[in-house]
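Structure record follows, encoded as structure tokens.
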Amino acid sequence: MLAVIHERLEHYSRVAVWIGGATLMAAAMMVAVDVMSRKFLGMTMSGSDEYTGYVFSATTTWAYSYCLLHRSNVRIDALYSRLPKQVTAILDVVGCLLFVYYMAYMTYYAGLAFTDSYVNNSVSITTLGTPQWIPQLFWFTGLAMFFLTLIFMTIYAIIGLLQGNWELVARIVGVPSIAEVMEEETQGQDVVLATGDGAAEDMGGTK
């Protein structure tokens, strides 16, 4: 059941990333048109910089869940990689719990900011006078989606830890190995990761 939910969340997060990427591309095109028209036509598109800022802040939060599910968040693992699997599993779960604590505050106050802007009908201090609740809605939605995903991942990892399934915890919230990173970056292409004697034998075999 949990594995199915994990797969569903991965699918939804991938869709969110594609939507965010397409929106960023549209914002980049708008800025490019603005720059070209300003240089060659002496005209400017008012608000392109403002809208680009809104798009960037919102689409960034929409990518958080995908980053978490693919364990792409940056972590310093110089000591971590040398510890036993049992210890790393405990550290992974503790890290998730601390992350949940932090994101609970961040999501809560993001929701307050959105609510206040909506209730007070706050607008930007620009010529466009953009209602602030509109970009904040997308920003808060991304944070809320990430927070819910993080809660699920933490529960999933705790269950794996209680079952003594260290491999499951590592696969869900652990630091990915070099082989896993290579697999992710090459999208499953035929790439052989060889180290030590295996690398020497492969090099010798290709001569």
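No lab work stands behind these numbers, since they all come straight from the coordinates. Small disclaimer: the values here were computed from a predicted structure and weren't measured. Ideal geometry is used to build each Cβ from the backbone, glycine not excepted, and the neighbour counts take in all protein chains shown.
Tabulated values for the structure
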{"item": "Percent RCO, i.e. relative contact order, over the chain, from Cα pairs under 8 Å lying at least 6 residues apart", "result": "24"}
{"item": "Per-pair calculated FRET efficiency, R0 = 45 Å: residue 115 and residue 29 via Cβ, rounded to 0.05", "result": "0.85"}
{"item": "Length-normalised contact order for the stretch 1-108 - Cα pairs under 8 Å, 6+ apart - percent", "result": "29"}
{"item": "Dipole magnitude of the chain, debye to nearest 20 (Cβ charges: Lys/Arg +1, Asp/Glu -1, about Cα centre)", "result": "420"}
{"item": "Among 168, 19, 74 the positive-end extreme of the charge dipole of the chain (Cβ point charges)", "result": "19"}
{"item": "Positive-end residue, the stretch 2-178 charge dipole about Cα centroid, Cβ charges, pick of 63, 93, 45", "result": "93"}
{"item": "Shape metrics for the chain, restricted to C-alpha atoms - Rg then Dmax, Å", "result": "22.2, 73"}
{"item": "Amide H within-cut-off set for residue 123, under 5 Å, with H built and near neighbours excluded", "result": "132"}
{"item": "Using θ = phi - 60° and Karplus 6.51 cos²θ - 1.76 cosθ + 1.60, couplings along the stretch 62-76 (whole Hz; Gly, Pro as x)", "result": "5, 8, 4, 4, 4, 4, 5, 5, 9, 6, 8, 5, 6, 9, 8"}
{"item": "Qualifying trypsin sites (Lys or Arg not before Pro) in the stretch 16-124, DSSP loop, other Cβ atoms within 10 Å at most 16", "result": "75"}
{"item": "Chain lengthening between residue 128 and residue 22 when straightened (0.36 nm per residue, less Cα-Cα)", "result": "35.8 nm"}
{"item": "Inter-label distance, nm, simple model (7 Å from Cα along the C-beta direction), residue 77/residue 7", "result": "2.5"}
